[in-house]
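Let me begin by presenting the structure, written as structure tokens, before commenting on it.
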Amino acid sequence: MRKRVLSSPWLRLAPALLVIGILFGTSIVYGAGQSLGVMAAIGQQEASLDAYRNVLTGSGPAGREFWPSLGFSLWISGASTLLSALGALPVALWLNGRRGQSQQKETLALNWNLAFPHLVWAVALLLFLSQSGMLARLAAFFGWVQTPADFPVLVRDRLGFGIILSYVTKEIPFLALIVLAVLRSQPENYAVVAENLGANRWQRLRYITLPQVLPALTAGSLLVFAYVFSAYEVPAVLGVRYPRALPVLALDFFTNPDLSSRAEGMAISFLIAIIVILLAVISIRQNKSIGET
Amino acid sequence: MSQRLSTYTLQLLLYGVLATPLVLFAVYAFSERWFFPALVPQEWTASPFARLLSDRRTLQGLGESLSIAAAASLLSLAISFPAARTLGLRAFRGRQAAWLAFFVPTVVPPLAIGMGLNIFFLQIGLAGSMLGVTLAHLVPTLPYTIFTLSSVFARYDENYEHQALALGANPVQIFFRITLRLVFPGLVVAGLFAFLISWSQYLLTLLIGGGRVLTLPMLLFSSVSGGNPASIAALSLLFVTPPVLVIAATARYLGQHGAAVQEQY
Amino acid sequence: MTDVSILDLRKTYPGQAQPVLDHFSLSVHAGELVALLGPSGSGKSTILKLITGIETPDSGDIQFNRKTILNTPPNQRGAVFMFQKAYLFPFLSIAENIGFGLKMQNASKATIQAAVKRMLDLIGLPGIEKRKPAHLSGGEQQRVALARALVTQPRLLLLDEPLSSLDTAVRANLQEAIRRIQRELGITTILVTHDLSEAMSMSDRMALLLDGQVAAFDQPMRLFQHPPSEQAARFVGINTFLRGEVSDGCLRTDLGTLEVCPNRSKPGPGVFAIRPEHIRIESNQRPNALPGIIKDCTYHGEYVEYQVEIPEMSVRARVPMPTEMVPHGAPVHVIFPQEHLFQIKNA
């Protein structure tokens, strides 16, 4: 009997569950408490939805900026995701068509991407695309611009092009690897069968390859969307003062010395988390349906 | 013909996109007084680097980044090892629930986790300490090591251990001589993931460290708002060098040992 | 030399209602090779796991030389095994693999080296000490696994389908090698297999496992020719059963009367069986025969297999090396030679 207790799976899971439970669990509880205005610091014990009300409808600074920020965040996340997915598809198809050594090399190249944190990637883009950056210098070299001011604003721009470009170039390799994994795990080369049955290149792409990779690509894209939507670093480096991405807004309010701002910042970050978790749930569903087919 | 051309274009684009940052950083980091519209720096110099490395804060940042990332990844590996083995090898009631418990922290944004932990750690006195930051980093690293290792254990064959047991090895000998050797490549990959996640973490460090724990991302962030391209580039180069080295070493290791390891499966 | 007694063993896997083994008993003499033969799921491998200590039984006892081993830690039982896969440690050389057990006993380098060399000679693969397992063929890997298992002079060798992933030629070769080495070292061995011919060619005695119990336990020849029950008979390839009333050396069936050996038959209602190889087919009327019609015939080289329809019954007969084949649909007489009909337990 003693032996059975010792070999229980839960005993072996306990350290990991405990660490995650304490760190993650308390962070959620404390965060939720904070966003509901329950704070030991100012002695307030009663929960209230004031912070959420201020953020969603209020006329205070948080309320004024929340909706434009939400729109901006949705725009950069949506555009980044769509463009990454569209870009990842040809890259993956191309890699899948290559064989042997060169294929290995290029898959490794995609993984290379891992070495560059988003922050560094954004910094690189800043140096490359700013009005006195490398691209502007090239333009000047060819005589297209005379002064930095002639060069278009590509980073730290109001439409978030810099942010989107940063994410797209970073996420294309990520999604390409996902699609590639699906393509390589196909037990039979259905494309060859389809070709034998008379399908041309486009028909094979449309009727064989796309249906194979679409579920995984969709699931991966949802994860990309969720990530972009909740990430702080890139919009902080490549964004402008207004409109700000939601996470930037949330952190700004949270680090504000005014305690009610803190609650509002926390409330915004919880709203972000809720949206992201919803997307993750949809993504898992999608993945499950891949498993079933 | 057009297919060859598009292949070359894609290849060029892929390598271009991947190589550009490094080249860019290198050029900027060794430049001085590089005014618009000059295409190459008027002067090549190592002085941004010299400035960077002579700054006490740089060395502190490098040291703290390395120690936190190393500690967080080793701790993650140690804690996830028994859990991953169980998840990978055993079927038991509640397995799905355990899986979910590890999955949820990966989708909740670090922003929300950091804000909550900030308050908790302030209360228990861990805020502003290296230990606090390391523990906070476990929230994103632990699930990754668990998932990576459990997929390793899902392909693991316990009969190797049974064989050693029947040949007279005791549990300790089995662990060090057989189990560890068999899953070592998986441990390396999982450790690499954890290291990279911790290494590039900015928000959690900011929110828990409260400015008192200084890692390279913190320095990079403040230098980006300061705005000297040469020092930004030099710092970026310093920041990506360890991950690049670690990934290269791992790829090399797996290239040498991966084949032998795959044969057992 | 170790003899093994398994007494009234019962084992239920967690989460399963039915035990895999129930009231399982078996005794193996010292130095003997016993084959456990049974379909998959019959609990064969479980017995080996219980003997090595990887699993623990619900109840019952396992004894080596009449002393229980259930309280001995698995790594001190001296029961080694060999699986279908060699499970050579991929990161160790051949010499290190073979020497593993001795190293665990803290044997000296010189001892290990000498023992490894001796074992490699024994398995007929001298000089491969420095190679890695991945560079050996499947058959060679199994030989090394055998050497590794035997190097510590264990009390008991357990073989769990050790040859079923090898192709026929390698397999026959290795069967012979295992048998030779086992006899040479005189090590008590239990072989688990689902392959009848492997069990028969390798074992001194074989036990037929059906539904977690021993359905028959005897020398291969006796079990093959005179299985005790219909279940056992079906397992060794018999599917002709004649039911009727036995009296005065005669079996009276609905189809006709057949003569049987009086000294091997009990009067009253009874079932008789006969091996397909013993049934003969003739076109003319003979004694001890029943009329039938050829439904199917298949040429197998060494023999022709006929499927003959006797009213309400299909009989399979194997005729060795015929000069000509009886065509499909031909009326024939199926002969059941008296000396080959044997009585089995009533179902």
* To do: Filter region C:300-347 down to the residues that are in contact (Cβ under 8 Å) with a residue 60 or more places away in the chain and of a type in the set (Val, Ile, Thr), then identify the one that is farthest from residue C:228 (Cα to Cα).
  => C:315
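Residue-wise test of (1) at pLDDT below 90; (2) surrounded by 16 or more Cβ atoms within 10 Å (Cβ to Cβ); (3) touching a Pro at 6+ places or on another chain (Cβ under 7 Å); (4) part of a helix (DSSP H, G or I).
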position: A:48; (1), (2), (3), (4): yes, no, no, no
position: A:62; (1), (2), (3), (4): yes, yes, no, yes
position: A:69; (1), (2), (3), (4): no, yes, yes, yes
position: A:81; (1), (2), (3), (4): no, yes, no, yes
position: A:84; (1), (2), (3), (4): no, yes, no, yes
position: A:95; (1), (2), (3), (4): yes, yes, no, yes
position: A:104; (1), (2), (3), (4): yes, no, no, yes
position: A:110; (1), (2), (3), (4): yes, yes, yes, yes
* **Qualifying positions in region B:228-249 - more than 10 Å from chain A (Cβ to nearest Cβ), modelled with pLDDT under 85 and either over 18 Å from residue B:53 (Cα atoms) or not in a loop (DSSP other than H, G, I, E, B) (or both)** => B:249
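Assess whether residue B:40 counts as being of a type in the set (A, V, I, L, M), surrounded by fewer than 18 Cβ atoms within 10 Å (Cβ to Cβ) and outside the structural domain of residue B:229 (by TED's automatic domain parsing). Reasoning before the result, please.
Numbers: of a type in the set (A, V, I, L, M): yes; surrounded by fewer than 18 Cβ atoms within 10 Å (Cβ to Cβ): yes; outside the structural domain of residue B:229 (by TED's automatic domain parsing): yes.
The answer is yes for residue B:40.
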* To do: Report yes if residue C:140 is more than 23 Å from residue C:76 (Cβ to Cβ) and free of Cβ contacts under 8 Å to residues at least 24 places away in the same chain, otherwise no.
  => yes
* Quick check: anything in region C:35-51 modelled with pLDDT under 95 and either over 30 Å from residue C:227 (Cα atoms) or acidic (Asp, Glu) (or both)? -> no
* To do: Only one of these is more than 9 Å from chain A (Cβ to nearest Cβ), part of a helix (DSSP H, G or I) and within 17 Å of the chain's Cα centre (by Cα): B:172, B:188, B:183. Name it.
  => B:188
* Counted residues, region C:322-345 - those being part of a loop (DSSP other than H, G, I, E, B), touching a strand residue (DSSP E or B) at 6+ places or on another chain (Cβ under 6 Å) and closer than 22 Å to residue C:269 by Cβ -> 2
* To do: Grab the helices (runs of 4 or more DSSP H) fully contained in region B:8-125, keeping just those with 3 or more residues being hydrophobic (A, V, I, L, M, F, W, C), over 19 Å from the mean Cα position of the chain (by Cα) and away from every other protein chain (no Cβ under 11 Å).
  => B:47-54
* To do: Inspect all residues belonging to region C:57-69 and state whether any of them is touching a His at 6+ places or on another chain (Cβ under 7 Å) and not polar (S, T, N, Q).
  => no
* To do: Please state which one of C:91, C:81, C:100 is closer than 24 Å to residue C:51 by Cα and more than 29 Å from the chain's Cα centre (by Cα).
  => C:100
* Structure fact -> Among (1) at pLDDT 80 or above; (2) not assigned by TED's automatic domain parsing to the domain that holds residue B:240, residue B:67 falls short only on (2)
* Cβ pairs under 9 Å, 6+ apart, first in region C:75-90 and assigned by TED's automatic domain parsing to the domain that holds residue C:156, second of a type in the set (D, E, K, R) and surrounded by 24 or more Cβ atoms within 10 Å (Cβ to Cβ) -> C:80/C:148; C:82/C:148; C:86/C:143; C:86/C:148; C:88/C:148
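Which of the residues spanning region B:145-161 are buried (at least 18 other Cβ atoms within 10 Å of the Cβ) and either of a type in the set (A, V, I, L, M) or within 12 Å of chain A (Cβ to nearest Cβ) (or both)?
Scanning region B:145-161 gives B:145, B:146, B:147, B:149, B:150, B:152, B:153.
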* Subset of region A:18-31 that is surrounded by fewer than 17 Cβ atoms within 10 Å (Cβ to Cβ) and within 8 Å of chain B (Cβ to nearest Cβ) - its residue that is modelled with the lowest pLDDT -> A:29
* **Candidates A:233, A:264, filtered to the one that is at the interface with chain B (Cβ under 9 Å from one of its Cβ atoms) and either loosely packed, with under 15 Cβ neighbours inside 10 Å or in contact (Cβ under 8 Å) with a residue 40 or more places away in the chain (or both)** => A:233
* Structure fact -> When region A:123-149 is checked residue by residue, the ones that are assigned to a helix (DSSP H, G or I), within 8 Å of another protein chain (Cβ to nearest Cβ) and more than 18 Å from residue A:167 (Cβ to Cβ) are A:134, A:136, A:137, A:138, A:140, A:141, A:148
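The values are calculated or read from the model by the stated rules, or taken from the named source; none is laboratory data. Note that the coordinates shown come from a computational prediction; the quantities given were computed from them, not determined experimentally. Every residue, glycine among them, receives a Cβ derived from its backbone with ideal geometry; neighbour counts consider all protein chains shown.
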